[in-house]
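The values are calculated or read from the model by the stated rules, or taken from the named source; none is laboratory data. Source: prediction; values computed, not measured. Note that each Cβ is placed from the backbone with ideal geometry, even for glycine, and that neighbours are counted across all protein chains shown. These accessible areas exclude ligands, DNA and RNA; they are computed on the full protein's heavy atoms, side chains included. Shrake-Rupley method; radii C 1.70, N 1.55, O 1.52, S 1.80 Å.
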Amino acid sequence: MSRHIIIPPTQNLVQEVVAQLPVGTNDFSRLTIVFPGKRPAHFVRKALANRLGDSFIPPKIFSIDSFIDDLFTTKLHLQKSPLEDLDAVALLFDIHMGLPDRLGGRHFQTVDRFIGLGLKLFSELEELVMADTDVRRVSEAIANVPLARVQGLPEYFSLFYGIVNQKGLTTRSLRYKRVADTIATLDLSDRETIVLAGFYAFTSVEQRIFRNLAQRDNTIVIA
């Protein structure tokens, strides 16, 4: 069965993670550790070095974003190119200029003026995907909102992700959603132990991923 460990905020998370790793070995290569961000990886390796006093093969340590990317490429075998922020803005600008009812009316008709709005719009569209929202639910959610600013959002949403898919590209939220949609069928038996450490708040898509992982026999959750 999976193990769930709750520690107080005063306890050192890295030390608790290291305490869960096997003793009597210098090879941790089949262990996977996932943190919310990148920084703890350095401290885990340092704590292991102090514990062993010798060379060792470290575990695979991921931020949640890099873990999702790893599952996307190594388990789903998808090699789609990630869409960078400014490239996303360029796509959104083309969509923007083609719509009769544009956000901001006539105020954002050059790329220079649109960049700030485009970055914000891209961020909001990505949040909608992470919330497990599709274009129909976006339309329903804002149908009674009397703000012109959001009325065109379903069109931006539908057109933008349609173009992204047509071009064979991907975004952070689309990678998360693809993993969430397939997580139940992914074989992670090659990961001897998966440690999920330090997580406390999840989007709807993240909840689906973590709910499945937390039920696996080779998972340890430290919260």
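State whether one or more residues within the stretch 154-168 are touching a helix residue (DSSP H, G or I) at 6+ places or on another chain (Cβ under 7 Å), assigned to a helix (DSSP H, G or I) and more than 24 Å from L125 (Cα to Cα). No, there is no match, as no residue in the stretch 154-168 is touching a helix residue (DSSP H, G or I) at 6+ places or on another chain (Cβ under 7 Å), assigned to a helix (DSSP H, G or I) and more than 24 Å from L125 (Cα to Cα). State which residue pairs qualify: first residue touching a residue at least 60 places away in the same chain (Cβ under 8 Å) and of a type in the set (D, E) and inside the stretch 185-214, second residue in a helix (DSSP H, G or I) and open to solvent by 20 Å² or more (accessible area, probe 1.4 Å) in any location, beta carbons under 8 Å apart, and separation of 6 or more residues or different chains. So the pair list comes out as D187/K75.
Residue count for the stretch 91-110 under the criterion of being modelled with pLDDT of 90 or more and surrounded by 15 or more Cβ atoms within 10 Å (Cβ to Cβ): the result is 5. Out of the residues in the stretch 176-223 meeting the condition of being among the basic types (K, R) and outside any loop (DSSP other than H, G, I, E, B), tell me which one is most open to solvent (accessible area, probe 1.4 Å). The extreme case among them is R211. The set of residues from the stretch 150-175 being open to solvent by less than 60 Å² (accessible area, probe 1.4 Å), free of Cβ contacts under 8 Å to residues at least 40 places away in the same chain and closer than 18 Å to L86 by Cβ comprises just one member, Y161.
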